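Some notes on the structure that comes next.
The values are calculated or read from the model by the stated rules, or taken from the named source; none is laboratory data. Everything quoted here is computed from the prediction, not taken from an experiment. As a convention, Cβ positions derive from the backbone with ideal geometry for all residues, glycine included, and neighbour counts pool all protein chains shown.
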Amino acid sequence: MSKRILVVEDQADNRRILRDLLGNYGFEVLEAENGAQGVDRAIAEKPDLILMDIQMPELDGYDATRQIKKHPIGTNIPIIAVTSFALSGDETKAREAGCDDYVAKPYSPRALLAKVIAFVEQV
C-alpha cells in the first residue's frame with residue numbers, strides 16, 4: 001500500500017504541482033482546498049503526512065494544524081508547512097502551531113520530496 005499524503009492548498013495550480021510531484025513518486029495524494037476541508041479530511045482519512053499551506057480561506061493553516069494536532073487521530077500525523085509566508089518568525093509560528101517542518105515557496109521540488117520521504121519513512 002502506498003503512503004498517503006494530504007495536500008491542503010487553496011491554489012489549484014499548487015495542488016496540481018504537488019499532485020504530479022508526489023504521484024510520480026508513487027504516493028497517493030489526497031487534496032483539500034482550504035483549512036476546514038483539510039481538518040475534515042485529515043480526521044476522516046488519517047494520511048501518513050500533511051502538506052499544509054498557511055494562508056487559506058475559511059481556516060488558515062495555523063488553526064487547521066492546531067485542530068488536527070488536538071484530535072486523537074492527528075497527534076501522530078506529521079505536518080509540513082509549505083507556504084509563501086517566509087518572513088522572520090513565520091517558521092516559529094508554524095512550529096508553535098504544531099507543524100513538524102517548514103518549507104518556504106518557491107521551493108525545490110527535489111528538496112521537498114526528500115523531506116516528504118524522510119517523514120513518511122518514520123511513520
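So in the stretch 11-47, with the set limited to residues that are buried (at least 17 other Cβ atoms within 10 Å of the Cβ) and out of contact with any Leu (no Cβ under 9 Å at 6 or more places or on another chain), which one is farthest from THR92 (Cα to Cα)?
ARG19
So which residues in the stretch 95-120 are free of Cβ contacts under 8 Å to residues at least 12 places away in the same chain, charged (D, E, K, R) and closer than 18 Å to GLY23 by Cβ, if there are any at all?
ARG110
It is to be established whether one or more residues within the stretch 53-71 are at pLDDT 95 or above, part of a loop (DSSP other than H, G, I, E, B) and of a type in the set (Phe, Trp, Tyr).
Checked the stretch 53-71: no residue is at pLDDT 95 or above, part of a loop (DSSP other than H, G, I, E, B) and of a type in the set (Phe, Trp, Tyr).
Is there any pair linking a residue in the stretch 40-57 that is on the phi > 0 side of the Ramachandran plot to one that is part of a loop (DSSP other than H, G, I, E, B) and surrounded by 15 or more Cβ atoms within 10 Å (Cβ to Cβ), with Cβ under 8 Å and at least six apart or on different chains, and which?
Listed by first residue and then by second, the contacts come to LYS46/ILE77.
If you check SER108, SER84, which single one turns out to be among the polar types (S, T, N, Q), surrounded by 12 or more Cβ atoms within 10 Å (Cβ to Cβ) and either farther than 18 Å from LEU6 by Cβ or at pLDDT 90 or above (or both)?
Details: SER108 fails: surrounded by 12 or more Cβ atoms within 10 Å (Cβ to Cβ).
Result of the check over SER108, SER84: SER84.
Would you be able to tell me the number of residues in the stretch 1-21 that are touching a helix residue (DSSP H, G or I) at 6+ places or on another chain (Cβ under 7 Å) and assigned to a helix (DSSP H, G or I)?
The total comes to 1.
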